[in-house]
Amino acid sequence: MDTAGKEVPKTDPAKAADPAGDGKATCAPGTAIAMAGALTGPDAALGINIVNGVKLALDQHNKANPGCKIELKQFDTEGDPQKATQVIPQIVNDRSIIGLVGPAFSGETKATGQILSDAGLVAVTSSATNATLTQNGWTTFFRGLANDDVQGPSVAKYLVGTANYKKVCVVQDNTDYGVGLAKSVTEGLGAAADPACAASIKKGDKDFSATVTKIAAAAPDAVFFSGYYAEGAPLAQQLKSGGVKAVFVGPDGVNDPQFISQAGSAAKGANLTCPCGPAPEKFAKDYEALNGQAPGVYSVEAYDLTTILAKGIDGGKVTRPDLLGFVRSYDGPGLARNYKWSPNGELANAQIWIYEVK
């Protein structure tokens, strides 16, 4: 859907850039890009979705271009801003790395964006959506999907204008992502956002009994949870067992197969929103063949962004300044959308998808 909450046509995957290129690329041995994100910890599935998308693009590129084998160096931040401040300097100090897919989460991006900008290392994120990230004056940060100030109002307009919900309870976690998105959604909902049942939880919490009691008393049409699946799944379960009949709505941080497996039957009927595109059939088949699991949230974006970096390298942009310049002026179609950035690193055209758990 667009920013008005209205349905728009899907992107044609046949027009997307191909990481294989023309097969004639040459580059020096040891040319590398990095991925940084949560590969272990409670939200690791989101990082794994990303790195597996990167792997697929590089696998297709490297098989087609024997004269240019781009290496992938993986860095686990656990999605923790404090750990990221120790990891990102390792990436910056490795001169073989000329591009980064990441950081993955908003908090770790906020904590390290200046380090990457100072180093002149292009950082294309497939997942960090906090709207303020592009307002810090960084010169190397590019967001490969819509930010939360696009997602929030779009989802709010859908909930009120299309789904016709009259009362929505907004629950947020205490991460940069959760707080920023909840603010945007609440503002977009207007009078439909009931302040009496708004609630905040802490990242890592598992007992939501007080929140469930408050929401049950309000009897809303929907509950929007602004956070990640590690908390979203038990919240959905406890809402259901607490007798709450409202539709559970979660954003991209919840939109992962792990939410469904962890929430079980409580996931049925949930609406999951995301600025991330769905996986086309061929992509999904290739992804699963390489990685042994189906693609998830952000997999398509990670593939598209890696393809852009590979196209730059294939075109001879093999230094950090040159690859940064290539991305800055890029304009071309991917599987999820067309990629073209404004000077501050935001997409020129942003869309949101809504999925229903059957």
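Figures for the structure shown
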| read-out | value |
| --- | --- |
| DSSP-defined beta bridges in the chain - what % are antiparallel, rounded to 5 | 20 |
| Simple spin-label estimate for residue 322 and residue 261 in nanometres, 7 Å along Cα-Cβ | 4.2 |
| Solvent exposure of the chain as accessible area per residue, Å², 1.4 Å probe | 39 |
| Simple spin-label estimate for residue 10 and residue 187 in nanometres, 7 Å along Cα-Cβ | 3.3 |
| Under 29 Å from the Cα of residue 6 - lysines, other chains or at least 8 residues apart | 15, 157, 166, 167, 183, 245, 268, 282, 340, 358 |
| Span-like helix ranges in the chain, DSSP H, alpha carbon extent 24 angstrom or more, Kyte mean at least -1.0 | 44-64 |
| Of every Cα-Cα pair in the chain, the percent that sits beyond 29 Å | 37 |
| The chain: calculated mean residue ellipticity at 222 nm from DSSP helix runs of at least 4, using -39500 (n - 2.57) | -12000 deg cm²/dmol |
| Whole-percent carbon and sulfur share, accessible surface of the chain, 1.4 Å | 52 |
| At R0 = 41 Å, FRET efficiency that the Cβ-Cβ distance of residue 338 and residue 166 yields, to 0.05 | 0.65 |
| Cα-Cα separations in region 177-327 greater than 21 Å, expressed as whole percent | 55 |
| Proximal aspartates and glutamates relative to residue 317, as straight alpha-carbon distance under 17 Å, when same-chain residues fewer than 8 apart are discounted | 22, 71, 331 |
| Paramagnetic reach from residue 281 (point 7 Å along Cα→Cβ, amide N under 19 Å) across region 1-32 | 10-16 |
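The values are calculated or read from the model by the stated rules, or taken from the named source; none is laboratory data. In this text, all values refer to a predicted model and were calculated from it rather than measured experimentally. We place every Cβ from the backbone using ideal geometry, glycine too, and count neighbours over all the protein chains shown. Areas reflect the complete protein model, heavy atoms only, side chains present, ligands, DNA and RNA absent. Shrake-Rupley method; radii C 1.70, N 1.55, O 1.52, S 1.80 Å.
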